[in-house]
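Chemist: A single structure is presented below for examination.
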Amino acid sequence: MNNFTKADSASLYGFVHLGHQTYLAQGAILRSVPEGIAIGHNSAVLENCVLMGHPELKTAVGRKVVFGHRTLIIGATVGDLCEIGNGCVLMPGSTLGSCCILGEGTLIPEGMVVPEHSVVVGRPGRIIRSLTEEDQAMISRMRGGDISLSERADQIVQLVLTEGKPMGKVYSYKNKSPQIADTTFLFDSSEITGDVIIGEHCVIGAGVKIIGDSHGPVRIGNHVQILENTVLHLLPDNQLILEDHVIIGPGCMIHGCEIGECTVVEPGSIVCDSSKVGKHSIVKAGTLVKQRATFPDYSILEGFPAKQNDTLTRSPEKPKWTFNFNDLRTLQ
């Protein structure tokens, strides 16, 4: 018998270790291939969060941890009794000690180690102080005054996408219907509307929304990955173009722009209307590419708003948090 709570719209893919009384809220997505995520007892994953892990990129969460809305955790370690603000991003290899507080929108970059009892804010995150008595009281209050930590055994939860299960939802809009190649993989909670064309061998992840209504066309090339809880949309008299081999990380907002082939947009980024990102580029996690900004090929973009802080000499490598065909076979 399951002793965790999962909202109907929460999605769990693969094998996940869940502690006693774990809570998965509406729109939360856990992708664990094959056993890349472990969540401790009495932890809460709130609305539209994404947690990802696999054997080379494990996500380990302690006990009585609370993740705020739209938090993205990719191959990170989080200690007990942490309070993670809304919209935070923890990148691969980052570590939070126990009893840490992250302010809303904080980004913990790859490999950063945060000592226990730290308060962290900013993009990238910086430690502003150790916990005060007031901070400790807040952590206790948010847990009903009980910060004790049990040692109960966890459970392994598995969800496998079975053959024949409906995959994605496709909607027409004003006589325009999406055109999607047969070789493209749509996760069940993805939704695609209107004037959208998607090429061969693409992956449209769980919770992704691609909206090509009366405002203009959305054109997606071949071998493109658009990952969990990302939204694609555009304004009137505009277009949205993703060229071949583009990768869009989880939790992104891609709006009426053009992104060149083989470019990687890391988790939690925003690319705004009428902007252009060149081929073979990287948009670093949590970056904002503002309206009408244009960047050349082989750019490394970072910041809020984005600036080109370096130039690549070759196409970026495929991140470990993307899918490969073995991953998809595991989930089928």
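Here is a yes/no grid of residues against (1) at pLDDT 95 or above; (2) closer than 30 Å to Gly40 by Cα; (3) more than 16 Å from the chain's Cα centre (by Cα); (4) not β-branched (Val, Ile, Thr):
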position	(1), (2), (3), (4)
Val157	no, yes, yes, no
Glu163	no, no, yes, yes
Tyr171	no, no, yes, yes
Ser189	no, yes, no, yes
Gly194	no, no, yes, yes
Lys209	yes, no, no, yes
Asp237	no, no, yes, yes
Gly251	yes, yes, no, yes
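Chemist: While we're looking at this one, here's another question. For residues that are open to solvent by 10 Å² or more (accessible area, probe 1.4 Å) and within 23 Å of Glu56 (Cβ to Cβ), tally how many sit in segment 1-26. First the steps, then the outcome.
Modeler: Going residue by residue through segment 1-26, those that are open to solvent by 10 Å² or more (accessible area, probe 1.4 Å) are 1-9, 11, 15, 17, 20-21, 23, 26.
Now drop any that are not within 23 Å of Glu56 (Cβ to Cβ), which leaves 11, 15, 17.
So the count comes out to 3.
Chemist: In addition: Every residue in segment 50-86 that is in contact with a His (Cβ under 7 Å, 6 or more places away or on another chain) and not basic (Lys, Arg), please.
Modeler: Asn86
Chemist: Yes or no: segment 280-292 includes at least one residue that is basic (Lys, Arg), under 26 Å from Lys58 (Cα atoms) and modelled with pLDDT of 95 or more.
Modeler: Here is the first cut: in segment 280-292, the ones basic (Lys, Arg) are 284, 290, 292.
If we keep only those that are under 26 Å from Lys58 (Cα atoms) too, we end up with 284.
Checking the rest, the ones that are also modelled with pLDDT of 95 or more come to 284.
Yes, there is a match, as at least one residue in segment 280-292 is basic (Lys, Arg), under 26 Å from Lys58 (Cα atoms) and modelled with pLDDT of 95 or more.
Chemist: Looking at segment 222-248, which of its residues are in contact with an Asp or Glu (Cβ under 6 Å, 6 or more places away or on another chain) and closer than 15 Å to Val277 by Cα?
Modeler: Once the filter is applied, which keeps residues that are in contact with an Asp or Glu (Cβ under 6 Å, 6 or more places away or on another chain) and closer than 15 Å to Val277 by Cα, segment 222-248 yields Ile241, Glu243, Asp244, His245.
Chemist: Being part of a loop (DSSP other than H, G, I, E, B) and not aliphatic (A, V, I, L, M) is the filter here; which residues of segment 1-26 pass it?
Modeler: Selection gives Asn2, Asn3, Phe4, Asp8, Ser9, Gly19, His20, Gln21, Thr22, Gln26.
Chemist: Restricting attention to segment 146-155, and to residues there that are out of contact with any strand residue (DSSP E or B) (no Cβ under 9 Å at 6 or more places or on another chain) and modelled with pLDDT under 85, which single residue is least open to solvent (accessible area, probe 1.4 Å)? Break it down stepwise before answering.
Modeler: Going through segment 146-155, the residues out of contact with any strand residue (DSSP E or B) (no Cβ under 9 Å at 6 or more places or on another chain) turn out to be 146-153.
Those still in the list that are modelled with pLDDT under 85 too: 150-153.
Working: Ser150: 44, Glu151: 154, Arg152: 134, Ala153: 90 Å².
For segment 146-155, the residue satisfying everything is Ser150.
Chemist: Looking at segment 49-61, which of its residues are in contact with a strand residue (DSSP E or B) (Cβ under 8 Å, 6 or more places away or on another chain) and in contact (Cβ under 8 Å) with a residue 60 or more places away in the chain? Before the answer, list the steps.
Modeler: The first filter runs over segment 49-61 and keeps only residues in contact with a strand residue (DSSP E or B) (Cβ under 8 Å, 6 or more places away or on another chain), leaving 49-55, 57-61.
Scanning segment 49-61 gives Val50, Met52, His54, Leu57.
Chemist: Next up: Would you mention how many residues in segment 299-313 are of a type outside the set (A, V, I, L, M, F, W, C) and open to solvent by less than 30 Å² (accessible area, probe 1.4 Å)?
Modeler: Kept after step one, since they are of a type outside the set (A, V, I, L, M, F, W, C), are these residues of segment 299-313: 299, 302-303, 305, 307-311, 313.
Restricting the remaining residues to those that are open to solvent by less than 30 Å² (accessible area, probe 1.4 Å) gives 299, 303.
Result for segment 299-313: 2.
Chemist: Same structure again: Return the residues of segment 119-140 that are open to solvent by 50 Å² or more (accessible area, probe 1.4 Å) and charged (D, E, K, R); say none if nothing qualifies.
Modeler: Across segment 119-140, the qualifying residues are Arg123, Arg126, Arg129, Glu133, Glu134.
Chemist: Another question, then. Of the conditions (1) surrounded by fewer than 15 Cβ atoms within 10 Å (Cβ to Cβ); (2) under 20 Å from the mean Cα position of the chain (by Cα), Pro316 clears all except one; give me its number.
Modeler: All conditions are met except number (1).
Chemist: So is His17 more than 15 Å from the chain's Cα centre (by Cα) and at negative phi or not?
Modeler: Values: more than 15 Å from the chain's Cα centre (by Cα): yes; at negative phi: yes.
Criteria met by His17.
The values are calculated or read from the model by the stated rules, or taken from the named source; none is laboratory data. If you're wondering where the values come from, they're calculated on a predicted model, not measured in any experiment. For neighbour counting, all protein chains shown are included, and Cβ atoms are generated from backbone atoms with ideal geometry for every residue, glycine included. In case anyone asks, the SASA skips ligands and DNA or RNA and just uses the protein heavy atoms, side chains included. Shrake-Rupley method; radii C 1.70, N 1.55, O 1.52, S 1.80 Å.
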